[in-house]
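One structure is given below, encoded as structure tokens.
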Amino acid sequence: MKTNKKSEETIVDKKKQKNPIVYALTVVILVVVVVTFVGSPVAVNIGGGERVVFGRWANKPIVFFPDLSNYFAEQVEIIERNSTVDRSSPNFDQLRHSLRVWREAFERTVIHTAILWKLERSSVTVSNSRIDRMLVNHGPYLVNGEFNIDRYNNTPISERNRHRVHIRDSLLRQQYIDDIIFGIKTSQHELDFISTMGKNEITLDIAYISFNEFPENEVISFAEENIDLFRSIELSRITILSSRRDAQRIHSIVAGNPDAFRDTAINHSADRFAGIGGDMGRVYNHDLRMELRNRADVETVLALRRGEVSPLLEIHNGWVIYRCNNNPQDFDLSDPDSINIVRNYMTIYELGIIENYFLQRAMEVKSATDFRSAAARNNFTIYRTSSFPINFRNHELFRRAEIENAPMDLRMINFNQDLLERAFSLRENEISEPITLGNSVVLLSLVERSENEDFSNFLNSVWPFLLQQAAGQSVSSFILESDRLRDNFEAVFTQHFF
């Protein structure tokens, strides 16, 4: 039987490899841990041989004890020993590192305890002769690789008993793991189906245009047709959320003495402007329409003159009082900032207008005889993907669509089910219907279909490990999310490490 030390080091080495499938298999270590005897006690802040309970699984305590035969302590040392963290780095955080190590050791111990609890209820046993063989071949009594009777006889009986219990538990756990994880059966049809998914690939040309390219003349046209939305006024505000009576009382104060508005806002207003005396700065017609419950009240506010206080007005969750700090102004399209003001408004409230504009442009590209030329005329950029299979949500088993210098919208194409369905339904050189992708519109053109002949061989080589990974994750999740687990790790760790 291989020692746990060798298993742990092998898995840690695999983590360093770039193959994501191999890396993902390391999750199995939460369950697959075989017999080991570590070389020295773990050094922690829990001193004096203290027995510390971090939680319970059913009626079994999750115990740390700084002893070689305590599973929790053993796992802390194994994880620490195999850690690749650079302790000399100026960014090294000892407390955060210890938290990670101890949390992982705790979860391994929970899984270990839960498995033994289940096996005890199933009356599964290990023979004494098998335990004897393990002690002789792998126990702590070896000298130069051979069992030493003097070391055995010189070991206290209590410690020998702990070693026997340790081996018995490890053998029981290993049998459970062999049955649950390594005994999985699967259908060849399932393997063939996944092989076909990963083997069939496509390459795309994607014509892309961002909503940021919305032309200035279209912005000006919208502003001219909706100029009233951008009338503005400089205001201060007091917001009252408690009751109408309170609102009326506060209004009577500032209506009779507008100079008291700032102090009243600081003392009584219930909004984010209270701390600066209610000063809102410049407010647009469309802002007031969003805030005030009654449309007629918008015109009331926009009719105020400098220094005047508004009537008490209703908002959607209370009442508001305004004071005019500067007279209303009509919107000046000749101002250099006006285009950005309107563009920002459209991006937030009229995105449909922008989207429809680009969808119409995309249809012109789709209907043209020369896809690339039409895309260039309409300011679309063409991006070519690498060859990739259908891979919704970027599963690590399959290749991902790589696009050089791609904007963020295109980096997320494997998370767009509609786009993938359309892409893999295309015939060669066929152009898709326009697709809205975040804040952009794209058209897809199928360049070619191809087959990744290496994928089947790769899948066959990793398939057993994938099944073990899935089983390990399932067992781990079932145990760590069970109602039988009482997890006091955070409180206990904080008590002993802070």
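The values are calculated or read from the model by the stated rules, or taken from the named source; none is laboratory data. Keep in mind it's a predicted model, so treat the numbers as computed, not measured. All Cβ positions, glycine included, derive from the backbone under ideal geometry; neighbour counts span all protein chains shown. The protein model used for the area step is the full one, side chains on, heavy atoms only, and it has no ligands, DNA or RNA in it. Shrake-Rupley method; radii C 1.70, N 1.55, O 1.52, S 1.80 Å.
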Report the one residue of Asn137, His496, Pro389 whose Cα lies farthest in the direction of the positive end of the charge dipole of the chain (charges on C-beta: Lys and Arg +1, Asp and Glu -1; origin at the Cα centre).
Asn137
For the chain, longest principal axis from Cα atoms; helix 71-81 axis from its Cα atoms; angle between them, nearest 10 degrees, is 70 degrees
Under the 0.36 nm per residue contour assumption, what length would be gained going from the current alpha-carbon distance of Thr347 and Ser450 to full extension?
33.1 nm
With only Lys, Arg, Asp and Glu charged, each at its Cβ (+1 for the first two, -1 for the last two), find how big the charge dipole of the chain is about the Cα centre; round to the nearest 20 debye.
2440 debye
Magnitude of the Cβ-charge dipole of the range 350-498, K/R +1 and D/E -1, about the Cα centre, nearest 20 debye?
140 debye
Cα→Cβ-extended label distance, 7 Å offset, between Arg289 and Gln360, nm
2.1 nm
How tilted is helix 216-225 with respect to the longest principal axis of the chain? Cα atoms for both, answer in degrees (0 to 90, nearest 10).
50 degrees
If I model a spin label as a point 7 Å beyond the Cα along the Cα-Cβ vector, how far apart are those points for Arg411 and Ala368 in nm?
2.9 nm
Vicinal HN-Hα couplings computed from phi for the range 334-342 (Karplus, 6.51 cos²θ - 1.76 cosθ + 1.60; Hz; Gly/Pro x)
7, 5, x, 7, 5, 4, 5, 4, 5
Relative contact order (percent, whole number), the range 355-498, Cα cutoff 8 Å, 6+ residue spacing
17 percent
Identify the trypsin sites (Lys or Arg not before Pro) of the range 174-252 meeting these criteria: DSSP loop state and at most 12 other C-beta atoms within 10 Å of the C-beta.
Lys185
Order Met408, Met197 by their accessible area, 1.4 angstrom probe, all chains in place, largest first.
Met408, Met197
Search the structure for amide H atoms under 5 Å from the amide H of Ile62, placed 1.01 Å from N in the peptide plane, and list their residues when 5 or more places away or on another chain.
Phe54, Gly55, Arg56, Trp57
Across the range 268-282, in residue order, what do the Karplus-derived ³J(HN,Hα) couplings come to in whole Hz, using 6.51 cos²θ - 1.76 cosθ + 1.60 with θ = phi - 60° and x for Gly and Pro?
10, 6, 10, 8, 6, 8, 4, x, 10, x, x, 5, 9, x, 7
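Where Lys and Arg each count +1 and Asp and Glu each count -1, what net charge lies around Glu225 among other residues with Cβ under 14 Å from its Cβ?
Charge balance near Glu225 sits at -4.
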Can you tell me, using C-alpha contacts under 8 Å and at least 6 residues apart, the relative contact order of the range 272-357 as a whole percent?
17 percent
Counting only residues 5 or more places away or on other chains, whose amide H sits under 5 Å from the amide H of Asn325 once H atoms are built in the peptide plane?
Glu234, Leu235, Ser236, Gly307
If I compute percent of Cα pairs over 40 Å apart from the structure I just sent, which labelled value in [x] 31; [y] 18; [z] 56 lines up?
[z]
Of the options Tyr357, Phe222, Phe147, report the single residue whose Cα projects farthest towards the positive end of the charge dipole of the chain (beta-carbon charges: Lys, Arg +1; Asp, Glu -1).
Phe147
Where a ≥ b ≥ c are root eigenvalues of the Cα gyration tensor, a/c under 1.5 meaning rounded, otherwise prolate if a/b exceeds b/c and oblate otherwise, the range 98-160 counts as oblate
Can you compute 3J(HN,Hα) from phi for each residue in the range 140-145, using the Karplus curve 6.51 cos²θ - 1.76 cosθ + 1.60 with θ = phi - 60°, rounded to whole Hz and x for Gly and Pro?
x, 9, 7, 10, 6, x
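Where nothing but the Cβ of Lys and Arg (+1) and of Asp and Glu (-1) is charged, how large is the charge dipole of the range 347-400 around its Cα centre, in debye to the nearest 20?
With only Lys, Arg, Asp and Glu charged at Cβ, the dipole is about 300 debye.
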Gain in length, Arg133 to Asp192, computed as 0.36 nm per residue apart minus the alpha-carbon separation, to one decimal in nm?
16.9 nm
Per residue, how much accessible area does the range 51-95 have with a 1.4 Å probe, in Å²?
48 Å²
Compute the long axis of helix 188-199 from its Cα atoms, compare it with the longest principal axis of the Cα atoms of the chain, and write down the angle in degrees, 0 to 90, nearest 10.
50 degrees
